[in-house]
1. Here are some conditions: (1) in contact with a strand residue (DSSP E or B) (Cβ under 8 Å, 6 or more places away or on another chain); (2) part of a loop (DSSP other than H, G, I, E, B); (3) surrounded by fewer than 19 Cβ atoms within 10 Å (Cβ to Cβ). Residue 90 meets all but one. Which one does it not meet?
2. Within the set of pairs 6 or more residues apart or between chains, which connect a residue that is assigned by TED's automatic domain parsing to the domain that holds residue 71 inside the stretch 82-104 to a residue that is in a loop (DSSP other than H, G, I, E, B) and surrounded by 13 or more Cβ atoms within 10 Å (Cβ to Cβ) with Cβ atoms less than 6 Å apart?
3. List the strands (runs of 3 or more DSSP E) inside the stretch 136-245, counting only whole elements, that have at least 2 residues being closer than 15 Å to residue 112 by Cα.
4. Go through the residues of the stretch 204-212 one by one and say whether even a single one is within 22 Å of residue 12 (Cβ to Cβ), in contact (Cβ under 8 Å) with a residue 40 or more places away in the chain and either touching a strand residue (DSSP E or B) at 6+ places or on another chain (Cβ under 9 Å) or surrounded by 23 or more Cβ atoms within 10 Å (Cβ to Cβ) (or both).
5. Could you please tell me which pairs satisfy a Cβ distance under 7 Å, a separation of 6+ or placement on different chains, a first residue in the stretch 175-197 that is within 18 Å of residue 56 (Cα to Cα) and assigned by TED's automatic domain parsing to the domain that holds residue 52, and a second residue that is at pLDDT below 95 and in a loop (DSSP other than H, G, I, E, B)?
6. If residue 152 meets every condition in (1) touching a helix residue (DSSP H, G or I) at 6+ places or on another chain (Cβ under 7 Å); (2) touching a residue at least 60 places away in the same chain (Cβ under 8 Å); (3) over 18 Å from residue 207 (Cβ atoms); (4) surrounded by 18 or more Cβ atoms within 10 Å (Cβ to Cβ) apart from one, which number is that one?
């Protein structure tokens, strides 16, 4: 048995997230169907994590055990011929039997995109959160500093999050602007369900003047989800990279 690691890019607009679910289209389902056609038997794909409906990825990592000794190009070029246009295998490699896409990961990089303009962008529509009003970049940058480090992020998780602990570490959080596009880049050891989207929604409220930059430290201390900002739309979120030691 060969253990194969894949790096996957997908446009999440037409998917109901990563994980296989009955009656809906998911990324995992599409890749497992393609692998089954290629290998002649069902395959279970293990990912570095889940993404929600509408969320994109440039660097999702997954692994599976192959019962056939195929050349690596079969898992990239061959699979890509079987996959739909909105998902592609960027890279494939053989890894050791103790590698696990999720449990071997040491960190992740997520990017959230906001189109900050009075006029929507048809080209960006499925990849951004469109906000018409002005956003104060300096205040958002100031607020983001409170989130860097190891904290209890209970206030920044979805109500249905099943994580056993809410303590996570953010290594770096950058808020930058490129003309109408505002980028929120978050690097961390791991993330709770909807954590990055809630961070984005809370930082936007700071940029809109609805809350002070200092209030984020209070949110961390209080742990109350209802006190934090809105959950930003899934379309603006992209998993950029998963890190391994």
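The values are calculated or read from the model by the stated rules, or taken from the named source; none is laboratory data. Computed from a prediction, not measured in an experiment: that's the story for all the values here. Backbone-built Cβ (ideal geometry, glycine too); neighbour counts: all protein chains shown.
1. Exception for residue 90: condition (2).
2. As it stands, the answer is 86/11, since those pairs meet every condition given.
3. 167-178, 181-188, 237-244
4. yes
5. Matching pairs, first to second residue: none at all.
6. (4)
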